[in-house]
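*Asks:* Questions regarding the structure given below will be posed in turn.
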Amino acid sequence: MAFDLEIKFKEAFIDDRFELALELYSQAIELNLNKAELYADRAQANIKLNNLPEAVAESNKAIELKPSMSKAYLRKATACMKLGEYQTAKAALETGTLLAPGESRFSKLIKECEELIAEEEVTTNVEPAKEVEPEPVPVAAPPKPIYRHEFYQKPEEVVVTIFAKGIPRECVSVDYGEQILSVAIDAPGKDPYNFQPRLFGKIIPDKCRYEVMSTKIEIRLAKAEPIQWTSLEFTREVVVPQRVNLPSVTAERPVYPSSKPKRVDWDKLEAQVKKEEKDEKLDGDAAVNKFFRDIYQDADEDTRRAILKSFVESNGTVLSTNWKEVGAKKVEGSPPDGMEMKKWEY
C-alpha cells in the first residue's frame, strides 16, 4: 500500500496536482511516521501551494529524523527565502552544502541570499510604499484551532502561551527562524497541532526558549530590536514601529516617606525665637519691661546684683545699676511726685 501511494503522489506532483500530492503524502506519513523523506517531499508540496510556514515545519521534522539529509535543508531554505527569512535560509544552505559538496544549487542560493541580505540592509530605513490590496475574496472560515494561544510582550521579549493541558514534553517540538515560529504538538489520542506564524518582528533564535508545563506551553521569543509589536503575526499594513525606552540602569532611587521623627535643631530654633523677641514692637508697660529685661540679660554680675537689690529694697520704685552705690547701703523707696510710700503690714 505504501508503494502504491508513493507512485500516486509522484504522478500527482508531476501533473502539478499539488493538493492531491499533499493528501497522498499525509496518508503515507500515517503509515510510516518516522520516514524523513516523506516529510521533505511533503514540504515541497507545501512550497508549491505557498504554505510556507508548514513547509518550514515539515523540513524541520525531516532534519530531526535524518540530520544528514541535504534535501531537507534545501526545502527549508527555499521556504525561508520566500518568507524573507534570508539569514535562516543562508544558515540552512551552509549546512546543506557541507552534506552535499557537489550540489551547485546550494552555492547558487547562498550567493542569492547574501545579495538579498545586503539589499535588505540598505533599504531598512526606507519607508516602504503602501501596497494596493486586492479585492477581498470570500473564503471559508478556518477550522477552530485545537489549543488556544495568546501573547504579551516586554521591551526585550515576547511571551507566547499555548494552553495545552497534560501534554508530555517529548510530544512538543518548537523551532525558531529569523522571523518565524514553528510549534508542533503530536500527543497520543489527540489530533496533531501545528502553529507556524510569521512573526511581527525579527527574533534572535539562539536566545529563544520554551517550557512545557502541566497546563500550558510557554515560549519566550527574544526580540532582535526593542520595538512594540502591534500583533504577534506579520501584517502587510504599513506600521511605524514604536521603539520601547528601556529603563536606565542609573535611574534615581525612589524616596519613600519615613515614620522616623525629624531631628530638631534646638540651637537654631532658640536663636530664631530670640531674634523675633528682639525685633518685637511693644507699647506701654510691656515696652518698659522689655527694656529692663534686655538690660538685665546683657549686664555683668555686679550690675545684675545692683538691679535686684535696688528693686527689692525700694519696693519697686528704684532701679539702679551702680553696685558700688547700692551695695554700700539700703536703698530707700522713692515714690513718683504726688504719691507717698505706704508700709504694708502682714
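*Asks:* Could we say that residue 304 is modelled with pLDDT of 65 or more and surrounded by fewer than 13 Cβ atoms within 10 Å (Cβ to Cβ) here?
*Replies:* Answer is no for this residue.
*Asks:* Taking the stretch 17-41 as the search range and keeping residues that are free of Cβ contacts under 8 Å to residues at least 24 places away in the same chain and open to solvent by 40 Å² or more (accessible area, probe 1.4 Å), which one is nearest to residue 70 (Cα to Cα)?
*Replies:* Applying the filter and picking the extreme gives 33.
*Asks:* While we're here: Which of the numbered conditions does residue 91 fail, given that it passes all the others? Conditions: (1) open to solvent by 90 Å² or more (accessible area, probe 1.4 Å); (2) within 22 Å of residue 43 (Cβ to Cβ); (3) at pLDDT 90 or above; (4) not β-branched (Val, Ile, Thr).
*Replies:* So residue 91 meets the others, but not (1).
*Asks:* While we're looking at this one, here's another question. Please indicate, with yes or no, whether at least one residue in the stretch 69-76 is at pLDDT below 90 and open to solvent by 60 Å² or more (accessible area, probe 1.4 Å).
*Replies:* Scanning the stretch 69-76 turns up no residue that is at pLDDT below 90 and open to solvent by 60 Å² or more (accessible area, probe 1.4 Å).
*Asks:* Can you name the condition, by its number, that residue 108 falls short on among (1) outside the structural domain of residue 52 (by the TED database); (2) modelled with pLDDT of 90 or more; (3) not in a loop (DSSP other than H, G, I, E, B)?
*Replies:* (1)
*Asks:* Please pick out the residue among 46, 34, 50 that is at pLDDT below 90, closer than 29 Å to residue 199 by Cβ and outside any helix (DSSP H, G or I).
*Replies:* 50
*Asks:* Moving to a separate point now. Would you confirm whether any residue within the stretch 205-228 is within 21 Å of residue 83 (Cα to Cα), touching a Lys or Arg at 6+ places or on another chain (Cβ under 6 Å), open to solvent by 50 Å² or more (accessible area, probe 1.4 Å) and not polar (S, T, N, Q)?
*Replies:* The answer is yes; a qualifying residue exists.
*Asks:* A follow-up question, please. Just the residues that are open to solvent by 60 Å² or more (accessible area, probe 1.4 Å) and outside any loop (DSSP other than H, G, I, E, B), please, taken from the stretch 177-197.
*Replies:* The one that is open to solvent by 60 Å² or more (accessible area, probe 1.4 Å) and outside any loop (DSSP other than H, G, I, E, B): 194.
*Asks:* Does residue 57 satisfy the criteria of being open to solvent by less than 50 Å² (accessible area, probe 1.4 Å), in contact with a helix residue (DSSP H, G or I) (Cβ under 7 Å, 6 or more places away or on another chain) and in contact (Cβ under 8 Å) with a residue 12 or more places away in the chain?
*Replies:* no
*Asks:* Just a yes or no: is a residue in the stretch 129-149 within 22 Å of residue 232 (Cβ to Cβ), among the aromatic types (Phe, Trp, Tyr) and modelled with pLDDT of 90 or more?
*Replies:* No, the stretch 129-149 has no match at all.
The values are calculated or read from the model by the stated rules, or taken from the named source; none is laboratory data. Values in this document were obtained by computation on a predicted structure and should not be read as measured data. For neighbour counting, all protein chains shown are included, and Cβ atoms are generated from backbone atoms with ideal geometry for every residue, glycine included. These area figures cover heavy atoms from the full protein model, side chains too; ligands, DNA and RNA do not enter into them. Shrake-Rupley method; radii C 1.70, N 1.55, O 1.52, S 1.80 Å.
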